[in-house]
1. List the number of the failed condition for B:Arg364; all other conditions in (1) more than 24 Å from A:Ala138 (Cβ to Cβ); (2) surrounded by 22 or more Cβ atoms within 10 Å (Cβ to Cβ); (3) in contact with a Phe, Trp or Tyr (Cβ under 8 Å, 6 or more places away or on another chain) hold.
2. Is there a residue in the range B:80-89 that is part of a helix (DSSP H, G or I) and more than 25 Å from B:Val44 (Cβ to Cβ)?
3. Just checking, does the range B:130-146 include any residue being over 24 Å from B:Phe259 (Cα atoms) and crowded, with 22+ Cβ neighbours inside 10 Å?
4. Among the residues of the range B:125-142, is any in a loop (DSSP other than H, G, I, E, B) and over 15 Å from B:His45 (Cα atoms)?
5. Just need a number here: residues in the range B:408-423 that are free of Cβ contacts under 8 Å to residues at least 40 places away in the same chain and not in a loop (DSSP other than H, G, I, E, B).
6. What are the pairs with Cβ atoms under 8 angstrom where one residue, in the range B:68-83, is free of Cβ contacts under 8 Å to residues at least 60 places away in the same chain and in the same structural domain as B:Phe54 (by TED's automatic domain parsing) and the other, located anywhere, is of a type in the set (Gly, Ala, Ser) and not in a helix (DSSP H, G or I)? Sequence gap at least six, or different chains.
7. Considering only the range A:79-131, how many residues are more than 13 Å from chain B (Cβ to nearest Cβ) and hydrophobic (A, V, I, L, M, F, W, C)?
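The values are calculated or read from the model by the stated rules, or taken from the named source; none is laboratory data. The model shown is predicted, which means the values in this text are computed figures rather than measured ones. Cβ coordinates were reconstructed from backbone atoms using ideal geometry, including for glycine residues, and neighbour counts include every protein chain displayed.
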Amino acid sequence: MADRTKDAFTYADGWTAVSTKMITARRLTLVLVYVLVVAGVVALFLIPDVPQAVAWAALATAVIVFGWLWWLIARRVRSFGYAERGDDLLVSSGIMFRRLVIVPYGRMQLVDVKAGPIDRWMGITTVQLHTAAATTDASIPGLEPDVAAGLRDRLARRGEQRSAGL
Amino acid sequence: MTLPDPAASPSNVGDDLGLGLTLPGRGTVDEAGRRRVHPISPLVHGVSALPIGFIIVIGFSFGMVEKLGPIGLLAAVGLAVIFSLLVTAWKYLAWRNTWYWFDEDGDFRVDSGVLTRQQRRLQLSRLQSVDVAQPLFARFFAMAEVSVEVAGSQDSRLKLQFLTLVDARALRSEILARAAGLRHDVGEAPEAPIASVTPRDLAVSLLLRSVTAGLLLLTILIVVVTVLSSGWGGLGIALITGGLPILIVITEFIKYFNFTVAQSPDGLRMRFGLAKTETRTVPPGRVQAIEFVEPFLWRRWGWVRLRVNIAGVGHEDANGNKEETLLIPVATRAVAEDLVQRVLPGLAVDGMVWHEAPERSRRRSPIQWRRLAVAWDDSVFAARSGRVTRRLTVIPHARTQSVRVTQGPWERALNLASVHVDSTPGPVKISGRHLDALTARNVADEQSVRAEQARAGDHSIRWAEGE
C-alpha cells in the first residue's frame with residue numbers, strides 16, 4: 001500500500017537531492033545571458049538620444065533582476081528531488097508551481113541521459129523518463145554522471161521486468 | 001487471398017457519384033509477394049494537385065492574369081496542368097519504388113521513396129488502428145487510401161495511396177486479421193450497425209455547444225445594440241464573433257456528416273464525412289481514455305459527445321493539425337452507454353463513490369467547484385468537472401501512464417492541489433482539480449499502485465488469439 005504522508009509534496013524516506021553543481025551551472029548560464037544584457041545597457045549609455053535617467057533605470061532593473069534570478073536558481077535547484085520506491089519513481093520540483101510526478105516502472109518506454117555543453121563542463125547530466133504519455137515530463141537534472149548512469153541502468157532494468165504493451 | 005465481393009459489402013461509402021470511373025487492374029504483385037498500390041495513383045495525385053497548382057499560379061502572377069484577361073486565364077490553367085503533370089511524373093517515380101507486403105515474421109513492410117529510400121517495418125502486434133479514407137479527388141476515381149497506425153513515437157502513421165476501395169477494405173481486414181492473430185484470409189469481417197447521427201441532430205448539436213451558442217448569442221446582442229444605437233461600428237466585431245463559430249459549425253458538420261458506428265469482430269468501425277469520407281476501425285482494448293461531454297443546452301435531450309484517446313491516432317495528423325478523436329459526435333445517453341460498454345466493458349460510473357473538492361475550492365473555481373471530484377473502482381479512475389459544460393473523464397487503471405500532483409500559488413494558499421492521470425496524447429485529459437492537497441497526494445500514490453497492479457492482468461495485445 002502507498003505510504004501516507006503529512007504534506008502533499010514530501011516523501012517519508014526523504015528525497016535524493018540533485019547535485020549543487022547545478023546551481024553553479026545554471027548561474028553560469030545566467031551570466032552568459034547577462035553578457036548580452038550588459039551590452040544592451042552600455043549601448044543605452046552611449047546612445048546620445050537616450051536620457052541618462054532611462055539608462056540608469058535600465059541598469060538598476062538589470063541588477064535587481066540579476067540578484068533575484070541568482071537567488072531563485074539556488075531555490076529552484078534545491079526544489080528538485082527524486083525517490084525510487086518499490087514500484088515507481090517519484091520526481092518533485094518547483095517552488096511557485098509545485099509538481100510531483102509518479103511514474104510506475106512498467107510504464108517507462110525509454111530513459112534519456114543527456115547533457116549540454118555547460119552541464120558537461122560542470123560534470124552534471126539530466127536523466128529524462130518517457131512514457132507513452134506526452135504529459136509525463138519527468139526529468140531529473142543536475143545528476144553526477146555516475147549517479148545518472150546508475151539510475152538509468154536501475155530504471156531500465158526495472159522497466160524491462162515489468163514492461164507491457166500500452 | 002480471397003477478395004470480398006463488393007456487392008455483398010453492406011457499406012456504400014465512396015462508390016457513389018455514378019461517374020463509372022472505376023478503373024480495371026489491381027496493384028501489381030511481384031514474385032516475392034510484394035505488392036504495389038494501384039497504377040492509377042500517380043494520376044489521382046496529379047488531378048488532386050490541379051486546384052493547388054491553379055492557386056499557386058494565380059498567387060505568383062502579380063495581377064498578370066487579370067491584366068491579360070481570357071488569355072491570362074488560359075495561360076494560368078495551362079501552367080496548372082503542367083504543374084499537375086509534374087506531380088504525376090514525380091508520383092509515378094514514387095509509385096515505381098513503393099512496395100508493401102507481409103514478411104515471414106508477420107510484420108507489415110513498406111519500402112518507398114524516390115531520392116531517399118525508406119524501408120519501414122510495422123509490428124502488427126502493436127497495431128492501434130487502420131483507417132480507410134477517401135479524399136475528395138480520390139473519390140472521383142473510386143480510390144481510397146489506407147493509413148496504418150502503430151503505437152510509437154511521432155511518425156508512426158503509414159499511408160498507402162491509392163488502392164481501389166475494394167482492395168483498400170481487403171487490405172484493412174487482412175492487416176486487422178493478422179494483428180488479431182487470426183488467419184489472414186478470413187475476408188472482411190461482417191459488421192452490424194449500432195448507431196448513426198442524423199444531419200439534423202448533428203447540426204442542432206453543433207449549434208448548441210456552450211461556446212458556440214454563447215458567441216452566437218453575443219453576436220445577436222451586438223447586432224441589436226448597434227442597430228438600436230444606429231451606429232455601425234460594432235458590426236465588425238459581430239462578423240468575428242458570429243463568423244468564427246459558424247465556420248467551426250460548418251467545418252465539423254462537413255467532417256462528421258453521416259457519422260455511423262458499427263460493430264465488427266475487428267472492433268468498432270466509424271464512418272463519416274461529406275467531402276472526404278473516412279473509416280476508422282478501433283480494435284478492442286485500444287481506447288486509452290474516454291470523456292463524456294454534456295454542454296448545458298444539450299441536457300434537455302440528454303445528449304452526450306464521446307471523445308476518446310487512441311494511441312497514435314488523432315493527436316496530430318499528416319498536416320500537423322490537432323484532431324479531436326470521437327466515438328460519436330452526439331448521442332443520447334442510452335446509445336452512449338452502449339458504445340462505452342463496447343470499448344470499456346463493465347464500466348459503471350454511477351456506482352462510484354465521488355471524492356469531492358472541499359468547500360474552500362469555491363475561492364479558486366467559483367462556478368464549477370461543486371462538480372469537481374474524483375472516483376475510482378477496481379478497474380477505472382474517473383474525474384469530473386464543469387458546471388455549464390459537464391465533463392466526465394474515465395481512464396482504466398491498466399492504461400495509466402503516470403500520475404502527477406500539481407499546485408499553483410493560489411491553490412497553495414488554500415491548501416489545495418490537483419491530481420492528473422496521464423494518458424497517451426489525445427483530446428482527453430484526466431484531472432481531478434482543486435482537491436484537498438493531502439487527498440490529492442494520497443489519490444496519486446494509490447493510483448500509481450492500482451496502475452501497476454492492473455497491468456499485471458492485462459492481455460489485450462493479440463485480442464483474438466486462441467479463438
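1. (2) is the only condition that B:Arg364 fails.
2. The answer is no, given that none of the residues of the range B:80-89 is part of a helix (DSSP H, G or I) and more than 25 Å from B:Val44 (Cβ to Cβ).
3. Scanning the range B:130-146 turns up no residue that is over 24 Å from B:Phe259 (Cα atoms) and crowded, with 22+ Cβ neighbours inside 10 Å.
4. For the range B:125-142, residues in a loop (DSSP other than H, G, I, E, B) and over 15 Å from B:His45 (Cα atoms): absent.
5. Residues meeting the conditions: 7.
6. Sorted first by the residue in the range B:68-83, then by its partner, the pairs are B:Gly72/B:Ser61; B:Ala76/B:Ser61.
7. 9
The rows are residues; the columns are (1) acidic (Asp, Glu); (2) within 30 Å of B:Ala177 (Cβ to Cβ); (3) modelled with pLDDT of 85 or more.
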| position | (1), (2), (3) |
| --- | --- |
| B:Val44 | no, yes, yes |
| B:Pro51 | no, no, yes |
| B:Phe60 | no, no, no |
| B:Gly63 | no, no, no |
| B:Glu66 | yes, no, no |
| B:Ser84 | no, no, yes |
| B:Arg96 | no, yes, yes |
| B:Trp99 | no, yes, yes |
